[in-house]
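The values are calculated or read from the model by the stated rules, or taken from the named source; none is laboratory data. Please read all numbers here as calculations on a predicted model, not as lab measurements. A quick note on method: Cβ atoms are made from the backbone with ideal geometry, for glycine too, and the neighbour counts reach across all protein chains shown. Heavy atoms of the whole protein, side chains included, go into the accessibility calculation; ligands, DNA and RNA do not. Shrake-Rupley method; radii C 1.70, N 1.55, O 1.52, S 1.80 Å.
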Amino acid sequence: MGRRFVIACLGLLLTVSCTGGNVSTSQITVDGSPGLPTSVASPTPTYSPAPDACPKDLSTRVRRNHVHGQERTLVPDTPVTLVVCLGDRRVAVTNEKTVVWFTDELNGLKEVPPGERFACPLDFGPTYGLFFGYANHDVLLVTVSSSGCRFASNAHVTAQLGYSPIVKRTQLLLAPKA
């Protein structure tokens, strides 16, 4: 069996055991993306995905955890949650397929070689904060710039977004639900 499947099964077993089998619909993520379910009932996590509130500024002043492997890849290992932030808008994603999609898409981007410098003088678009949560409660921040040079970075690895659908999917997650 795949590693993600085993981890997901263990997480589900632990969650059901800790919550007495109750399933909450208050944390269901409505993705709305083609090819993925629009609503998935997930067991309530045993903790609230971090951060509880979005930081006002995603610059280097935001405390960043050190996650093993982040020097080599944008999103290492297997995160279990994702919190998407833009300003004070926050969306917690507990849908495994959505978390895996963002992880795989970010890790599939073309990395900027270490030491290469670039300038983005016309970067007027928003910068999204993608906070990946791990089973051990570590949190990895990946910032995604939506205009100008269009890049993603975890403070150690930077990659070019190019024509990746990451920004569009991030915008869909943050869009007000009717």
Can you spot the aspartates and glutamates whose alpha carbon is less than 13 Å from residue 56's alpha carbon? Ignore those fewer than 8 places along the same chain. 88
Sorted by mean Cβ packing within 10 Å, highest first, what order do the peptides 104-112, 79-87, 147-155 take? 79-87, 147-155, 104-112
So between residue 171 and residue 138, what do we pick up on full extension, going 0.36 nm a residue minus the alpha carbon distance? 9.4 nm
Give the aspartates and glutamates reachable from residue 177 as a straight Cα distance under 14 Å; neighbours fewer than 8 places away on the same chain don't count. 31
Using a Förster distance of 30 Å, the FRET efficiency for residue 97-residue 119 (Cβ separation, nearest 0.05): 0.25
Give the cross-link partners of residue 110 among the lysines, using a straight C-alpha distance below 28 Å as the criterion and excluding same-chain residues fewer than 8 apart. 97, 168
Roughly what would the spin-label model give for residue 160 and residue 68, points 7 Å off Cα along C-beta, in nm? 3.3 nm
Tell me, what % of the accessible area of the stretch 117-174 is carbon and sulfur with a 1.4 angstrom probe? 58 percent
Give the accessible surface of the stretch 65-178 per residue, rounded to a whole number of Å², with probe radius 1.4 Å and ligands, DNA and RNA excluded. 49 Å²
